[in-house]
Each structure stands twice: as C-alpha cells, then as structure tokens.
Amino acid sequence: MKKGLALFLTLLLCFTVFSACSNSGGTSGGADQNGQPKDQSKQQDGSKETVELQWITHTPNSPEDEEYMRKMIQDFESQNPGIKIKWMPNKDPDLLTKQQLAAGGGPDIIMTDGPTTLKQFAASGYLVDLTKYAEQYGWKDRFFDWAYDSVIHDGKLMGVPGAFETLVVYYNQDMFEKNGWNIPGSYQELVDLCKKISGQNIIPIAFGSSDFKAANEWWLSEAFNATLGPEQFKKVLKGEVPWNDPAMADAVNKLKDLWQNGYINKKQSHAITITDAWNLFYSGKAAMKMEGTWALFDVLNQAPFKWDIFVLPAWNDGVQANLPLALGEATGINAKSKHPDEAAKFIDFFYSMNRAKEEVKRGTFFPVNGVDVKSISDLDPKISKAYELLTQAMAENRTGYAAWTYWPPNAETYLWDNLDSVFLGQLKVEDYLANADKEAQKDKADGKLFDFGD
C-alpha cells in the first residue's frame, strides 16, 4: 500500500510539473500568450514540420480539370516535401476571399479575377509586397512588360500576372456553311446576320448571366472597344473623356438594340446561366456564343459539330476591329500569412515556363516570355489560332481594354451590375452612363484609375 501511495504521489507530482511546463508562456490549444495561433512550422527541437498553404480557386469546369489541378499540386509537393497545398475550389472565390480578408483571415495564396481586384486588396493592406521575390525568382524578366506593370500598385509589385485572354465569337461552322452565312465585317453586317439566323428560328448569340452577373462586362468590353477604338476608349479610362460621352452612349445603344431585337438570347440572357447558354450552342439551338478564350478547351471537348472563332467586327466606320485584352487572374500573398516564402515558391512554380507550355495545350495563355507554340506537340489548331490571333494583335497594337484589368473598379462594378436594367428599359442609357461617370470620378479621386505609364 505504501509503495502504491508513493507511486501515486510521484505521478501526481510529475503531472503537476508537466502541466505547469505546458502552460508556461502561453495558453493551451496552439495559441501564444496573446491568444494568437502559434507558428506550427517548427517543433520544440527546431526541426521543421510540414507547412500547409491555403489556396482558393474557381471550381473546376470538369472532372478532367479537377484531375489536372490535383496532379499539378502533387507535382509541386513532390518537389517541395515540406509544403502541402490545401486547395479549396469555390464557385465565387473572389467573394469568399473578400469576406475572409475583411474578417482578418483568408487563404495564404490569394488568386483574384484580375489586376483590378488585386489592387483593391493591395489598397486595403491585405497583400504582401512581392518585390523581393521578384528579384529572387526573376519575375520581371519572365513576364510580358504590360502584364507585369498591371500588378504594380503604389510603386510596389503586389501580385504576379496570371493568364491573359480576350473575347471572341465561337460559331457553329457546320450551320454557317449549310446556310451560306458569312463572318460579319461590320456592325450592320452583324445585325443582318442575326436577322437571317432569327429567321431560321435559331438564337443568333447565346448568352447567360443569371449565375454570374459580372459576365455583362464581357459585352460592355466588346461594345466600347468596337465603337470607340482602343485609343479613344483609353482616354475614357484615363479620365480625360467622361463615361457619358456621346460615343459611349452610341456603344451602349448599339448593344441594347442587339439585345432588345432578341439577337442576344431572345431577351432572356438575364434569366439563364452561362452553362445554359453553352448548352443552347452545343445543341444547335444557337448559332454563336460570345465569350473569352478561356472557354477554348471546353468547346474542344464538348462541341458535337465543326466550329471556329472570329473576332467581333468594329461597330463604327474608321475604327479597326480589335481584341479586348485582359488578365484573367492575378495572384498575391496574404499579408497575414505565416509562410510568405513558401507561398512565393508555389506562385513561382505555378507560373513557370514549364507550366506555361502545358497550359497552352488547355487554351490558357500565361504572359510568359519565350513560349513558342509551334514547338509544343499535340497542340490543337484551334488553340494555336487563338493564341496567334491574340499575340499578333498585341504586336500590331490592335488590342483594346477589357473591364477586369483596365477599368476603374467602382465604375466597372456599377456598369455590369446595372446593364440588365438598361436592356429591360428600366434605366435610360444617359442616366446609366452618368452614374457610371460619377463612380469613375470617385475612383479617380481615390487614385484607382489604371496607370498606363504615359
């Protein structure tokens, strides 16, 4: 009994000492003395544990896309055994990330839908200055100058430029050949073509935005660049010409006419989803679909007929047809991340030359210098055509300015959010653009206009 009592007292003493040691210098539950989460990257003996990085992206479009992403992550982790990527796909990653950042959290790796959103995050102090990582990894030399410059805020590199893209018209080539329809070369020819297609009880242009209202800015990007031309529209973006200029009203009125005549999804685009619109195209119920080059790979895998793409024509005499240019994503690092070095390593891997070549096969174009598409094996001719159309337009200065890279953020949001009201006759064009100009003036006062560097 005495032995048992002695053993009990010894165990009790050890337990007391252990409890005191474990609670000294902080609280339980992995928090420090200030109640903040501890950095779990090191154990008490100094050896490193695995670092986990959180990363939110759009939900993959298909099981094949999901498999590709998981394989890419596995490749990175195998090359960097001390880092794990916690991938969290989400239907609206920008909204989720904004909510988390505002609450003091958010993922380590912040992928936005383009420089406009990235700069908003930077202005709010949510992002790490990546200048030292740019020097470490040679990013300035890796990326196109215009793409690299687009993610600089207040003189600091706040992100890495993601895929560059443009807007094109996908069309049912079998249907066009069967009916003798030609690719339009002007706004009037576009209207005439839509009349012919409607006469066959076919939707001229499929489009849906009920699940992603911001898709309205695709049409606005086309309309403003096609009507004014890039140089004149650039003056609007720089605040030298008001958003309610008569030429801007002309663009919106022409777009409104296309919609109200039923040429854009029989006046139902606000009531159907993007997927619904694609299904109309794939089923032969629609002859065309206006969307970005990001859809190339999906169309390759899903269209049951011969198809091709064309550039939307200019909407005014004296204006040259152009391709609105944009970055479809821009990626930064959360200012509150405990592992910015590891996050930078993943970003460098993600936007490497090797991945740029792989992504081209999937219709995704990284703004990486030196990508020779002719040397890429098994590249589909449709993807090659789109890549060459865009790079040639850049070389010949025939690119316009798409909303999600170049437009003032408050004006941009107002424009896409209220376009349906214009289509439905609930908001006059002059009031719509006057309100947009007010928002652009706020952006200008806040220093949020795009810096074109000229």
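Partner lysines whose Cα lies under 27 Å from the Cα of LYS195, excluding those fewer than 8 positions away in the same chain, are identified as LYS178, LYS213, LYS254, LYS256, LYS266, LYS267, LYS285, LYS289, LYS306, LYS428. Classify region 342-437 as rounded, prolate or oblate, taking a ≥ b ≥ c as the square roots of the eigenvalues of its Cα gyration tensor: rounded when a/c is under 1.5, otherwise prolate if a/b is larger than b/c and oblate if not. Cα axes put region 342-437 in the prolate bin.
In terms of its C-alpha gyration tensor, region 243-339 has an oblate overall shape, because the principal axis ratio a/c (a ≥ b ≥ c, square roots of the eigenvalues) is not below 1.5 and a/b does not outweigh b/c. Summing Lys and Arg as +1 and Asp and Glu as -1 over all other residues whose Cβ lies under 14 Å from the Cβ of ARG142 gives a net charge of -2.
How far, in nm, would the chain grow between LEU379 and ASN201 when pulled straight, counting 0.36 nm per residue and subtracting the alpha carbon separation? Could you put the intermediate results ahead of the total?
Details: separation 178, 0.36 × 178 = 64.08 nm, distance 3.60 nm.
Answer, rounded to one decimal: 60.5 nm.
With the highest mean first, a sort of the peptides 387-398, 102-113, 223-234 on other beta-carbon atoms found within 10 angstrom per residue produces 223-234, 102-113, 387-398. Ellipsoid fit via the Cα gyration tensor, region 92-231: semi-axes of 41, 19, 13 Å, each the root of five times an eigenvalue, largest first.
Residue-normalised convex hull volume from the C-alpha trace of the chain: 190 Å³ per residue.
Rank LYS336, LYS238 by accessible area, highest first, at a 1.4 Å probe radius?
So, going from the largest accessible area down, we get LYS336, LYS238.
Once divided by 2.2 N^0.38 Å, the Cα radius of gyration of region 187-292 becomes 1.13. HIS153 sits with roughly 50 Å² accessible to a 1.4 Å probe, with DNA, RNA and ligands left out of the calculation.
Taking all protein chains as shown and a probe of 1.4 angstrom, LYS86 keeps an accessible surface of around 90 Å².
Grouping the Cα pair distances of region 269-414 into 10 Å bins from zero gives a pair-distance distribution of 9, 29, 35, 21, 5, 0 percent in increasing distance order. Counting only alpha carbon atoms, the long axis of helix 93-102 and the longest principal axis of the chain meet at about 50°.
At 222 nm, what helix-only mean residue ellipticity would the chain give, in deg cm²/dmol to the nearest 500, using -39500 (n - 2.57) for each DSSP H run of four or more? Don't skip to the answer; put the middle values down first.
Details: 20 runs with 216 residues, N = 454.
Calculated from helices alone, the mean residue ellipticity at 222 nm is -14500 deg cm²/dmol.
Separation of the alpha carbons by more than 26 angstrom is noted, of LYS234/LYS444; LYS119/LYS336; LYS84/LYS382; LYS235/LYS442; LYS86/LYS338; LYS196/LYS234, for LYS84/LYS382; LYS196/LYS234. Against the longest alpha carbon principal axis of the chain, how many degrees, from 0 to 90 and to the nearest 10, is the axis of helix 63-79 turned? It is inclined by approximately 40 degrees.
Distances between every pair of Cα atoms in region 77-174, grouped in 10 Å steps from 0 to the bin holding the largest one, split as 13, 37, 34, 12, 4, 0 percent. Measuring only protein heavy atoms, the 1.4 Å probe finds VAL299 accessible over about 0 Å². Tilt of helix 216-228 relative to the longest C-alpha principal axis of the chain, in degrees (0 to 90, nearest 10)? Between the helix axis and the principal axis of the chain, the angle is about 50 degrees. Of the listed residues LYS156, LYS361, the order by accessible area with a 1.4 Å probe, largest first, is LYS156, LYS361.
The values are calculated or read from the model by the stated rules, or taken from the named source; none is laboratory data. None of the values given here were measured: they were computed from a predicted structure. Heads up, the Cβs are rebuilt from the backbone with ideal geometry, glycines too, and the neighbour counts pull from every protein chain shown. These accessible areas exclude ligands, DNA and RNA; they are computed on the full protein's heavy atoms, side chains included. Shrake-Rupley method; radii C 1.70, N 1.55, O 1.52, S 1.80 Å.
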